[in-house]
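Taking it in order: structure first as structure tokens, then the write-up.
The values are calculated or read from the model by the stated rules, or taken from the named source; none is laboratory data. Not measured: the values here are computed from a predicted model. Backbone-built Cβ (ideal geometry, glycine too); neighbour counts: all protein chains shown.
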Amino acid sequence: MKIDKRLIKELVENLKDFDLTELEYQQGEIKIKVSRASKTIEQSKSSAVVSPNKAVLKSSDESDGVRVKSPIIGTAYLAPEPGAKKFVEVGSKIKKGQTVMIVEAMKTMNHVPSTADGEVKKILVEDGQPVEFGQPLIVLK
């Protein structure tokens with residue numbers, strides 16, 4: 001088996017670009033895991049899987065406003081159940097701690113609370129979209 005050095009270099013660059021401590025890549029039976037020492041102690045250890053669609057990991061162009069980020073890897077849902085009213089819409093006024101969406105992981109529905117009071121400026125994910133740990137979900141003004 002020949003090791004693809006370009007792929008490993010790209011994975012290491014992704015660690016830096018996305019400020020990750022660990023990254024796992026799998027294609028067929030080949031599995032590569034790269035990691036680096038974390039400078040801070042985090043509440044929970046997380047890993048990210050490199051997806052062919054690197055846009056999943058990129059953050060939004062929005063430079064102003066408070067970002068509510070995903071606390072876990074999973075699937076984002078904008079409403080409590082299919083067909084129900086969304087938790088928030090663009091323009092909604094919200095309070096700190098208010099649920100803005102749900103991220104499902106391993107059949108567990110995790111409510112994502114707002115980290116600040118504000119008005120929803122932009123919703124950065126679609127209903128049913130996979131999300132990564134730390135990925136911005138909503139921008140508040």
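Just one of (1) touching a Ser or Thr at 6+ places or on another chain (Cβ under 7 Å); (2) modelled with pLDDT under 70 fails for ASN53. It is (1).
Within segment 87-103, the residues that satisfy the criterion of being exposed (fewer than 15 other Cβ atoms within 10 Å of the Cβ) and out of contact with any Pro (no Cβ under 9 Å at 6 or more places or on another chain) are GLU89, VAL90, GLY91, LYS93, LYS95.
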